[in-house]
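All remarks here apply to the structure that follows.
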Amino acid sequence: MPNNPFVHAELVTPDLAKAKEFYQSLFDWQYNDVMGGEYTIIDVGEHKYGVGGGMLTTPEPGIPPHWFPYVAVSDLEAATAKAKSLGATVVKDITKIEGSDSSFSIIMDPAGAVLGLYSGGDM
C-alpha cells in the first residue's frame, strides 16, 4: 500500500441515535451496528472514492463531537514507531479491532493534529 490513502472516517458524537438519523436523512446511508451496538459501520455502497466510515458515542467526557480520519499503512508497528521517531506522540498504542484481523493506533503530529493509522482487514 505505497500511497497510504485515507481509508476510514469515524464520527465521535455524544448522541449516536441523533447523528445516525441526521446522516441517514441527509445522505441515505445504511448502517450496521456491531460490538453490541457500541459501534456503527456506515455502508456508503459502491462508490469510486470508496472511503467508508463508522460512528460511536463519545468515549470520554469533554471530547467534542468530531470526524476522525484513518490512513492505511502496510506495517502498523513500523509506521507507529516511525511517527514517534519523527516527533509524534502516540495517543493510543496499537490496538486490535474486536472481531477482525485489523488494528489501529492514534498519533498526534508535532503540530498537534491527531490522526489514526490503520492496518489489516478490508477497509
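Some points to look at:
- Residue ID - nearest to Ala9 (Cα to Cα), chosen from residues in the range 107-118 that are free of Cβ contacts under 8 Å to residues at least 60 places away in the same chain and crowded, with 19+ Cβ neighbours inside 10 Å: Leu117
- Of the residues Thr57, Thr80, the single one that is more than 15 Å from Asn4 (Cβ to Cβ), in contact (Cβ under 8 Å) with a residue 12 or more places away in the chain, surrounded by 14 or more Cβ atoms within 10 Å (Cβ to Cβ) and of a type in the set (S, T, N, Q) is Thr57.
- Verdict on Leu86 being under 21 Å from Leu11 (Cβ atoms) and touching a residue at least 24 places away in the same chain (Cβ under 8 Å): no
- Selection status of Ala72, within 24 Å of Asn3 (Cβ to Cβ), of a type outside the set (Phe, Trp, Tyr) and either surrounded by fewer than 16 Cβ atoms within 10 Å (Cβ to Cβ) or at pLDDT 95 or above (or both): no
- The lone exception for Val91 - which of (1) surrounded by fewer than 16 Cβ atoms within 10 Å (Cβ to Cβ); (2) at pLDDT below 95; (3) not polar (S, T, N, Q) it fails: (2)
- Complete set of residues in the range 74-123 that are part of a strand (DSSP E or B) and of a type in the set (Ser, Thr, Tyr): Thr89, Thr95, Ser103, Ser105, Tyr118, Ser119
- Applying the criterion of being aliphatic (A, V, I, L, M) and not in a strand (DSSP E or B) to the residues of the range 1-23, the residue that is nearest to Tyr70 (Cα to Cα) is Met1.
The values are calculated or read from the model by the stated rules, or taken from the named source; none is laboratory data. Keep in mind that this is a model prediction, so the values were computed, not measured. All Cβ positions, glycine included, derive from the backbone under ideal geometry; neighbour counts span all protein chains shown.
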